[in-house]
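Worksheet for the structure shown next.
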Amino acid sequence: MKLMPVVLVAIAAQRLAAQPGFPRDNPDSWVTAGTAKILCSALFVSGRDPAEARAHVTNYFIGNKVDSITMEVDRARQLVRVTLANRLTREAKRYGDQGCIIHQPGKDSIYFAPVKVTSNLPPAATMDWPMGDRNATAVVPGVDTAKVRQAVDAAFANPAGLTARELEVLALLADGLTNAQLADRLFLSAKTVDHHVSSVLRKLGEPNRAAAAAAARQRGLLPNMGNAPDVRP
């Protein structure tokens, strides 16, 4: 089971004020805005619980700053606001059939009028899977579902049971970064980094960082490092 860091999720009962403005060319602004849109869609399009939605935000989009975000939710307006490292904030709001749209910095509205989207497709309940929901568990002719399941399991397998964050910590400590440098790189506290490093060593069953790096390379848990001297034959 993948464990995700616990963060504070504040459900705002009152209307959230317009987000503060900041430089438009800030890369952190873009990824924070995108994360706000993802969370907004999870809550108000897919109907997910806020804690569940936040727990499943991965580092694919926002990178190693995923642990540094907090979220506010305005259910009345169907709006989600994400703050990165307590220094910048972006928000996204659901606009009917247009889905969740990112607000520009300093704005709390969009520049077009949402329209109703109509579809000529029949209800999903009347259509067979994969186009609809009917017979969703039916076997697709010519597809070996057992082999597909095995392939998916193999693709996502992690023999050491490391979380995504622990794999990231492992890669950086293998590069020789100290705990202080890890904390700075990952926007984490020194205590949190120490916890991650200890967990990595425990799961790999190694006594120190160098041994952990060697074991990780041997098991294929790190990117190809070439003929690194600590790779055991």
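The values are calculated or read from the model by the stated rules, or taken from the named source; none is laboratory data. Owing to the predicted nature of the structure, the values given are computational and were not obtained by experimental measurement. Every residue, glycine as well, gets a Cβ built from its backbone with ideal geometry; the counts of neighbours run over all protein chains shown.
Some points to look at:
- Here the condition is being touching a residue at least 60 places away in the same chain (Cβ under 8 Å), surrounded by 10 or more Cβ atoms within 10 Å (Cβ to Cβ) and assigned to a helix (DSSP H, G or I); of Arg202, Arg149, Arg185, it holds for Arg185 alone.
- Any hit, the stretch 125-136, residues being surrounded by 10 or more Cβ atoms within 10 Å (Cβ to Cβ), under 28 Å from Thr70 (Cβ atoms), not assigned by TED's automatic domain parsing to the domain that holds His195 and not aromatic (Phe, Trp, Tyr): no
- The criterion of being in a loop (DSSP other than H, G, I, E, B) and either touching a residue at least 12 places away in the same chain (Cβ under 8 Å) or not basic (Lys, Arg) (or both) holds for Leu177.
- Pairs with Cβ under 8 Å, 6+ apart, first in the stretch 95-107 and more than 14 Å from Arg77 (Cβ to Cβ), second in a strand (DSSP E or B) and at pLDDT 90 or above: Ile102/Arg90; Ile102/Glu91; Ile102/Ala92; Pro105/Arg90
- In the stretch 174-202, residue farthest from Val57 (Cα to Cα) [restricted to those that are among the hydrophobic types (A, V, I, L, M, F, W, C) and in contact with a Leu (Cβ under 7 Å, 6 or more places away or on another chain)]: Ala174
- Looking at Lys65, Lys93, just one residue is at negative phi and buried (at least 20 other Cβ atoms within 10 Å of the Cβ), and that residue is Lys93.
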